[in-house]
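The values are calculated or read from the model by the stated rules, or taken from the named source; none is laboratory data. Quick caveat: nothing in here was measured; it's all calculated off a predicted structure. Glycine also receives a Cβ, built like all others from the backbone with ideal geometry; neighbour counts cover every protein chain displayed.
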Amino acid sequence: MTALDHGAQQVVAPEPGKFEIVGKIFAGRPATVVAAFVIFAFILIAILAPVIAPYDALAQSFLRINHGPSWQHWLGTDQFGRDVLSRMIYGSRNSMIFGLLAPTLAAIVGTTLGVIAGYFGGIADRVISRVVDMLLAFPELLLAILIAAALGGGFWNIVVVLTVAFVPGFARVARAQTLSVKQEPYVESAIAVGVRTPTIIFRHIVPNIAAPIVVLMTLWTASAIRLEASLSFLGIGTQAPNPSWGNIIRDGLNNLFGSPWPIIGAGLAITCVVLSFNLFGDAVRDVLDPETNQ
Amino acid sequence: MNDVLISARNLGKTFSSASGLLGRKGRDVRAVDGVSFDVHRRETVALVGESGCGKSTLGRLLLRLIEASEGEVHYMGKDLLKLSREQMRAMRKDLQFVFQDPYGSLSPRRTIFEIISEPLEVFSVGKTRSQRRERVAQLLDQVGLSPSFMDRQPRQFSGGQRQRIGIARAIALDPTFIVADEPVSSLDVSVQAQIVNLMQDLQEDKGFSFLFIAHDLSVVRHIADRVAVMYLGRIVEIGPKAMVYDTPHHPYTQALLSAVPEPDPDAKKTQIILEGDVPSPANVPPGCSFHTRCPIVQAVCRRDRPPLLDTGKGQMVACHFAEAHPLTKGEHADLAKTRLQAVGSTGAL
């Protein structure tokens, strides 16, 4: 077919590496590197909790109620004589699981709803958008308290609570992104060659709205950890005797002037993890979704 | 005429601005208004007009990329607009589209192979992946690209190369009809000619029909068999290329042609400069929609809309005075001038 060769320029740009994005997230940001390290450390602690923890987090003892810090119990003991450090180490499991599970589930549900609303429009859009607007009118914590109060505590209830609290945000972002991606010529060109609607959604819409969703997920991991701690502090989250940073602080309040260490320790842990996830999320956003960065 | 491939009858599209929750209605935009024309087998029909005249919308209506408000599109004895979504999807094997924007029309995250093989996959052409790769390699070769580009991504290519990829995708299923929506208007002038020639060669090779949407009259002159001129959503003149270019009947066509730059600097030429702007398609003037800018406007033009009538030789014009002033090449400039003067003296504007 040389007759048809009208001399296309053989200009080809270099292929960028797959790991370039990861590199960009850390490049020139020492705070992000520290944040990632902190996150990694806490994840390790959560996984290795049974190995690291010096005591059983649930073992009570009348002989050492409300002890201050000592070489045996670095952060002292609580009103049931349980080792606070061990409870904190086991509590990190709680925080990490909710921190990762809730935004992931919320992203799946919220993105599905948002894409349906954005792509199909019409009555589906109206119903979904109105419900989402309604839910967005409540602050997440208030919404979480409302649902938790109705459902009660317990692991799966907290998962549901946090997921419902986060779904509206994902749905709104996914809908807005879908509306704009839907207008892209490559979507129209897929329709023009006869691609079926589900394929268009999964192949041409979802991958192109993924960046802001991922950004939202990393940013809301911090919120999920904070919310779970808040709920547990209020007594409607993780239920005693299971340890959670939130209910460690709550228990610590009873003996605030005897030993402030449970509160200081758990408070510091929450602060560190939330701050780290926020910093990391900001960095991810700057790289994946530079436009939304004010 | 039994070699008609696809024909539009009274095709129209009104975009209604979104009505609010309380049923407030915005102003409707009449993008395409009662358009009828045929495209024959192996023929290239060029659709020209100013931006905003509805030519892209018309191209999309034919292939149902936009749903028409009214009218019919006949293809193979069926009205495309009456088919179910699934039936229409099956028809897309024969009816393809080349997009204006070579940057936006290729999905940025997919490889060239994935982009070109998508239609093959949809219509199960090529059972295995390796068969499809073979076919894609063949298609890339046909559009003048190296098959070794297959696993690269669109961002690694120039505009002209991307448009070649878009063309390869359009011809992948051996369609009978391709709508090309200003396929070269966003390209470099030097690349435009290559792409136009490529499309012409491919058409000769494969024998598909072409609806070529453009605003560049020199490109149209090169590629078209017949030319249709659109103004404010309506076809005002349609006919064989030679007739439309040499003896334009509609004053709008005459003005358009007079604006084409002449390569010969010594050639004497009077430009017909139209007064005013194109009226908004949300507020189309009554009667002949061109009457607000027409140099030979009469009272009847403001009142009655002229039908698209055959002048006898296959050229159709929608003008009340089409018969009165057919122009030959030489008369073109002079007549235009005298007419402009006449308009000035009678104060018809």
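Candidates are the residues of region A:235-294 that are modelled with pLDDT under 85 and within 15 Å of residue A:95 (Cβ to Cβ); the one that is surrounded by the most Cβ atoms within 10 Å (Cβ to Cβ) is A:237.
Of the listed requirements (1) surrounded by 15 or more Cβ atoms within 10 Å (Cβ to Cβ); (2) touching a Leu at 6+ places or on another chain (Cβ under 6 Å), residue A:31 misses just one: (1).
Residue-by-condition table, conditions (1) over 18 Å from residue A:158 (Cα atoms); (2) out of contact with any helix residue (DSSP H, G or I) (no Cβ under 7 Å at 6 or more places or on another chain); (3) touching a residue at least 60 places away in the same chain (Cβ under 8 Å):
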| site | (1), (2), (3) |
| --- | --- |
| A:224 | no, no, yes |
| A:239 | no, yes, yes |
| A:245 | no, no, yes |
| A:251 | yes, no, yes |
| A:260 | yes, yes, no |
| A:263 | yes, no, no |
| A:285 | yes, no, yes |
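Going residue by residue through region A:159-173, is there one that turns out to be in contact with a helix residue (DSSP H, G or I) (Cβ under 6 Å, 6 or more places away or on another chain) and either free of Cβ contacts under 8 Å to residues at least 12 places away in the same chain or on the phi > 0 side of the Ramachandran plot (or both)? Within region A:159-173 (the criterion being in contact with a helix residue (DSSP H, G or I) (Cβ under 6 Å, 6 or more places away or on another chain) and either free of Cβ contacts under 8 Å to residues at least 12 places away in the same chain or on the phi > 0 side of the Ramachandran plot (or both)), the answer is no, since none of the residues qualifies.
Of all residues in region B:119-159, which are part of a helix (DSSP H, G or I), at the interface with another protein chain (Cβ under 7 Å from one of its Cβ atoms) and surrounded by 23 or more Cβ atoms within 10 Å (Cβ to Cβ)? Scanning region B:119-159 gives a single hit, B:119. Of the helices (runs of 4 or more DSSP H) contained entirely in region A:189-294, those carrying at least 2 residues that are more than 30 Å from residue B:106 (Cα to Cα), over 17 Å from the mean Cα position of the chain (by Cα) and among the β-branched types (Val, Ile, Thr) fall at A:245-253, A:261-288.
Checked against the criterion of being assigned by TED's automatic domain parsing to the domain that holds residue B:201, closer than 25 Å to residue A:206 by Cα, out of contact with any Leu (no Cβ under 6 Å at 6 or more places or on another chain) and of a type in the set (S, T, N, Q), the candidates B:148, B:105, B:130, B:185 yield just one match: B:105.
Please specify each residue of region B:160-178 satisfying the condition of being more than 9 Å from every other protein chain (Cβ to nearest Cβ) and hydrophobic (A, V, I, L, M, F, W, C).
B:165, B:167, B:168, B:171, B:177, B:178, listed by residue number.
Put simply, of A:19, A:26 the only residue that is touching a residue at least 12 places away in the same chain (Cβ under 8 Å), more than 17 Å from residue A:271 (Cα to Cα) and of a type in the set (Phe, Trp, Tyr) is A:26. For residue B:105, the criteria (1) facing another protein chain (nearest Cβ under 9 Å); (2) out of contact with any helix residue (DSSP H, G or I) (no Cβ under 9 Å at 6 or more places or on another chain) hold in every case but one, which is (2). Assess whether residue B:204 counts as being within 14 Å of chain A (Cβ to nearest Cβ) and under 12 Å from the mean Cα position of the chain (by Cα). No; evaluated as a whole, the condition is false for this residue.
Given the criteria in the same structural domain as residue B:214 (by TED's automatic domain parsing), crowded, with 18+ Cβ neighbours inside 10 Å and either in a helix (DSSP H, G or I) or out of contact with any helix residue (DSSP H, G or I) (no Cβ under 6 Å at 6 or more places or on another chain) (or both), does residue B:81 qualify? Spell out the reasoning first.
Details: in the same structural domain as residue B:214 (by TED's automatic domain parsing): yes; crowded, with 18+ Cβ neighbours inside 10 Å: yes; either in a helix (DSSP H, G or I) or out of contact with any helix residue (DSSP H, G or I) (no Cβ under 6 Å at 6 or more places or on another chain) (or both): yes.
The answer is yes for residue B:81.
Taking the options A:197, A:238, name whichever one is out of contact with any strand residue (DSSP E or B) (no Cβ under 8 Å at 6 or more places or on another chain) and under 30 Å from residue B:180 (Cα atoms). First the steps, then the outcome.
Numbers: A:238 fails: under 30 Å from residue B:180 (Cα atoms).
A:197 is the lone residue from the list that is out of contact with any strand residue (DSSP E or B) (no Cβ under 8 Å at 6 or more places or on another chain) and under 30 Å from residue B:180 (Cα atoms).
When region A:154-176 is limited to residues that are within 17 Å of residue A:98 (Cα to Cα) and among the small types (Gly, Ala, Ser), the one that is surrounded by the most Cβ atoms within 10 Å (Cβ to Cβ) turns out to be A:165.
Out of curiosity, is residue B:92 within 29 Å of residue B:159 (Cα to Cα), touching a His at 6+ places or on another chain (Cβ under 9 Å), within 14 Å of another protein chain (Cβ to nearest Cβ) and of a type outside the set (A, V, I, L, M, F, W, C)? Walk me through how you get there before you give the answer.
Numbers: within 29 Å of residue B:159 (Cα to Cα): yes; touching a His at 6+ places or on another chain (Cβ under 9 Å): no; within 14 Å of another protein chain (Cβ to nearest Cβ): yes; of a type outside the set (A, V, I, L, M, F, W, C): yes.
So residue B:92 fails the test.
Is there a residue being touching a residue at least 24 places away in the same chain (Cβ under 8 Å), buried (at least 21 other Cβ atoms within 10 Å of the Cβ) and of a type in the set (Ser, Thr, Tyr) anywhere in region A:111-124? Looking through region A:111-124, at least one residue is touching a residue at least 24 places away in the same chain (Cβ under 8 Å), buried (at least 21 other Cβ atoms within 10 Å of the Cβ) and of a type in the set (Ser, Thr, Tyr). Residues in region B:26-73 that are under 26 Å from residue B:86 (Cα atoms) and either without any contact (Cβ under 8 Å) to a residue 24 or more places away in the chain or within 14 Å of chain A (Cβ to nearest Cβ) (or both): B:56, B:57, B:59, B:60, B:61, B:62, B:63, B:64, B:65, B:66, B:67.
Would you confirm whether any residue within region A:103-113 is touching a Lys or Arg at 6+ places or on another chain (Cβ under 7 Å), in a helix (DSSP H, G or I) and more than 20 Å from residue A:275 (Cβ to Cβ)? Let's see the steps before the verdict.
Filtering region A:103-113 for residues touching a Lys or Arg at 6+ places or on another chain (Cβ under 7 Å) gives none.
Checking region A:103-113: not a single residue is touching a Lys or Arg at 6+ places or on another chain (Cβ under 7 Å), in a helix (DSSP H, G or I) and more than 20 Å from residue A:275 (Cβ to Cβ).
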